[in-house]
């Protein structure tokens, strides 16, 4: 149960306010789409992308046991942050 809570909390916090959530909000605000259909489609998309991430992560774990995956993930997030800040100051 503790693992479930940790993963849920991490993913929930990571998803708050990201581009996916904003896109879902905009679809739900559109009169072309019913809120229930937006919920179903967005939920299915999140389940599919999460499934792909789980398969890739478990496969990577098998082949990259000597590589510190948490370090790689952390460096990746820092790189994305630097790229975002760089774009802000360069008018992108």
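Here are the numbers for this structure:
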{"item": "Selection status of residue 36, in a helix (DSSP H, G or I) and at pLDDT below 90", "result": "no"}
{"item": "Tally, over the range 53-68, of residues that are under 18 Å from residue 14 (Cα atoms) and either in contact with a helix residue (DSSP H, G or I) (Cβ under 9 Å, 6 or more places away or on another chain) or touching a residue at least 40 places away in the same chain (Cβ under 8 Å) (or both)", "result": "1"}
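The values are calculated or read from the model by the stated rules, or taken from the named source; none is laboratory data. Source: prediction; values computed, not measured. For neighbour counting, all protein chains shown are included, and Cβ atoms are generated from backbone atoms with ideal geometry for every residue, glycine included.
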